[in-house]
Amino acid sequence: MTSVSPHKKAKALKSTSRRPAKELCSECGLCDTYYIHYVKEACAFINQQIGGLEEQTHKRSRDLDNENELYFGVHQDMIAARKQQPIEGAQWTGIVSTIAIEMLNRGLVEGVVCVQNTKEDRFQPMPVIARTPEEILAARVNKPTLSPNLSVLEQIEKSGMTRLLVIGVGCQIQALRAVEKELGLEKLYVLGTPCVDNVTRAGLQTFLETTSRSPDTVVHYEFMQDFRVHFKHEDGSSETVPFFGLKTNKLKDVFAPSCMTCFDYVNSLADLVVGYMGAPFGWQWIVVRNDTGKEMLDLVQDQLDTQPVMSQGNRKEAVQQSIPAYDKGVTLPMWAAKLMGVVIEKIGPKGLEYARFSIDSHFTRNYLYVKRNYPEKLAAHVPEFAKRIVGQYKLPE
Ligand code: FAD
């Protein structure tokens with residue numbers, strides 16, 4: 001007699017049903033599958049367990065007394081890199097898509113979980129298991145919205161695949177690691193990106209409408225290391241808006257509550273992380289967490305220009321000043337915002353110090369948000385590393 005896995009008796013939620021994490025749900029997709037059976041343990045917003053899952057994944061949790069590990073998680077290497085021949089239309093230079101394509105072409109994996117967009121809407125996420133390079137390329141560029149990447153998990157078991165690459169952001173990867181053993185895979189590779197301030201599709205519309213001169217033609221945007229949001233439009237033109245000119249008062253409620261309570265900005269549980277914020281302007285930032293991550297990066301080394309990571313400036317004062325400014329929803333007039341952008345770009349934090357600036361600003365804001373809105377969750381939900389980071393600053397009540 002064959003035994004049935006306990007999760008197979010569970011049933012995915014209907015898309016309209018209220019999620020177990022309620023308003024804190026980040027729509028990672030787990031509850032769209034029978035793996036909902038494990039949600040109470042696996043959900044990043046019901047049961048924060050980064051430390052334990054770091055040990056499971058990397059064989060140790062981060063060393064809190066080492067500043068780079070405190071901020072960027074367990075790692076064996078960090079570099080700045082860019083593709084010698086960038087992929088047209090990728091978010092940055094396409095390192096993520098290139099690694100995924102190499103892994104498929106060399107037979108390391110049979111499929112890649114990634115997220116394309118729907119035909120009707122370039123920002124509406126559509127998770128897939130890609131089995132060809134073309135399908136991976138069709139998933140390039142950020143869908144800057146909550147995305148149910150894990151909704152395809154049931155298909156994996158049905159397909160009989162045993163070697164898989166999953167591309168995803170922190171909340172998706174935390175849930176994935178929690179159910180990893182149940183997937184019946186021979187080998188799972190995880191390629192992560194950092195993630196912060198994500199929004200629902202409706203929230204994205206509000207952001208575009210309050211920030212861009214032409215919201216409907218935006219094909220791509222990024223909050224970059226020069227303290228500006230860079231928009232790219234359909235006609236190839238670009239637009240920049242200084243961070244300090246954002247309409248904070250209007251944007252305060254745009255970010256998803258899950259993202260306002262998230263402390264896994266750097267995707268602690270991926271094998272390899274590819275972002276930008278620890279690298280000089282125009283470069284990508286790569287964090288190799290373990291041997292599996294190194295194996296993945298080695299596949300594309302000959303296609304990359306690289307340089308060591310650097311760090312310059314001092315973020316602390318700027319972070320401390322930003323805390324009450326954000327809290328009160330202060331918005332500068334555009335001329336002052338532009339001026340401030342120019343000054344801070346010249347003298348402000350760069351490289352790893354810019355990454356720490358961004359982590360500090362978001363963690364202090366999120367800590368206050370949890371304290372005010374979910375005080376009962378504060379002790380268990382905020383990881384120890386985040387408590388230490390936040391502890392460096394004076395916070396309003
Ligand atoms: P590409 O080759 O263009 O591939 C992008 C990959 O991302 C695709 O494979 C796709 O499947 C996946 N993807 C797209 N949207 C989503 C999504 N919503 N959820 C899960 N996977 C997705 N980096 C930083 O350093 N700092 C940040 O603050 C930061 N914020 C981010 C916020 C979001 C919502 C996302 C999705 C990414 C963020 N990143 C951030 C990562 C960065 O923007 C790039 O994605 C990364 O550097 C890879 O660039 P690339 O050109 O190599 O990717």
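The values are calculated or read from the model by the stated rules, or taken from the named source; none is laboratory data. Values in this document were obtained by computation on a predicted structure and should not be read as measured data. Don't worry about glycine lacking a Cβ; one is built from the backbone with ideal geometry, like all the others, and counts go over all protein chains shown.
Test Lys294 against the stated conditions and say whether it is charged (D, E, K, R) and surrounded by 12 or more Cβ atoms within 10 Å (Cβ to Cβ). Give the steps one after another, and end with the answer.
Numbers: charged (D, E, K, R): yes; surrounded by 12 or more Cβ atoms within 10 Å (Cβ to Cβ): yes.
Yes, satisfied.
Considering only residues that are at pLDDT 90 or above and among the aromatic types (Phe, Trp, Tyr), look in region 210-255 and name the one that is farthest from the chain's Cα centre (by Cα).
Ranking the candidates gives Phe231 first.
Is there a residue being of a type in the set (Ser, Thr, Tyr) and farther than 20 Å from Gly278 by Cα anywhere in region 303-312?
So in region 303-312, the residues of a type in the set (Ser, Thr, Tyr) come out as 306, 311.
Among the residues that remain, those that are also farther than 20 Å from Gly278 by Cα are: none.
For region 303-312, residues of a type in the set (Ser, Thr, Tyr) and farther than 20 Å from Gly278 by Cα: absent.
Specify the residue that is surrounded by the most Cβ atoms within 10 Å (Cβ to Cβ); the eligible residues are those in region 15-41 that are charged (D, E, K, R) and in a loop (DSSP other than H, G, I, E, B).
Residues of region 15-41 that are charged (D, E, K, R), as a first pass: 18-19, 22-23, 27, 32, 40-41.
Subset that is in a loop (DSSP other than H, G, I, E, B): 18-19, 27.
Values: Arg18: 9, Arg19: 20, Glu27: 24.
Within region 15-41, the match that is surrounded by the most Cβ atoms within 10 Å (Cβ to Cβ) is Glu27.
Taking region 42-97 on its own, how many of its residues are within 11 Å of the ligand (Cβ to nearest atom), assigned to a helix (DSSP H, G or I) and closer than 28 Å to Asp32 by Cα?
2
Name the single residue, out of those in region 162-195 being surrounded by fewer than 21 Cβ atoms within 10 Å (Cβ to Cβ) and of a type in the set (Lys, Arg), that is nearest to Pro383 (Cα to Cα).
Filtering first and then ranking leaves Lys181.
In region 294-321, what residues are within 25 Å of Phe223 (Cβ to Cβ) and free of Cβ contacts under 8 Å to residues at least 60 places away in the same chain?
Correct list: Ser311, Gln312, Gly313, Asn314, Arg315, Glu317, Ala318, Gln321.
Any idea which residue in region 98-127 is nearest to the ligand (Cβ to nearest atom), counting only those that are in contact with a Gly (Cβ under 9 Å, 6 or more places away or on another chain) and of a type in the set (A, V, I, L, M)?
That would be Val115.
Out of curiosity, is Glu135 in a loop (DSSP other than H, G, I, E, B) and within 11 Å of the ligand (Cβ to nearest atom)?
In short, no.
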